[in-house]
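Before any comments, here is the structure.
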């Protein structure tokens, strides 16, 4: 067991750089937008578009 203790090293995690943090935040934001738009699309298919949106779409054509 002593030999293993000499070989094993605790993992050291470095703090992420600003660029790495921004990439992670951008990815999380993209996922959040995708989930929100999917939920909205499912709700619109199930219940129809809200009246304010239907009126806005009708007036834009």
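The values are calculated or read from the model by the stated rules, or taken from the named source; none is laboratory data. Model, not experiment: these values are computed from the prediction. We place every Cβ from the backbone using ideal geometry, glycine too, and count neighbours over all the protein chains shown.
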**Q.** Which numbered condition residue 46 fails, given (1) part of a helix (DSSP H, G or I); (2) surrounded by 10 or more Cβ atoms within 10 Å (Cβ to Cβ); (3) at pLDDT below 95
**A.** (2)
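Determine whether the range 49-61 contains at least one residue that is surrounded by 10 or more Cβ atoms within 10 Å (Cβ to Cβ) and in a loop (DSSP other than H, G, I, E, B).
If we filter the range 49-61 for residues that are surrounded by 10 or more Cβ atoms within 10 Å (Cβ to Cβ), which is where we start, we get 49-50, 53-57.
Subsequent filtering for residues that are in a loop (DSSP other than H, G, I, E, B) retains 49-50.
Yes.
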**Q.** Pairs, first at pLDDT 80 or above in the range 7-18, second assigned to a loop (DSSP other than H, G, I, E, B) and surrounded by fewer than 10 Cβ atoms within 10 Å (Cβ to Cβ), C-beta under 6 Å, six or more apart
**A.** none
Q: Answer yes or no: is there a residue in the range 12-32 that is exposed (fewer than 10 other Cβ atoms within 10 Å of the Cβ), in a helix (DSSP H, G or I) and over 20 Å from the mean Cα position of the chain (by Cα).
A: no
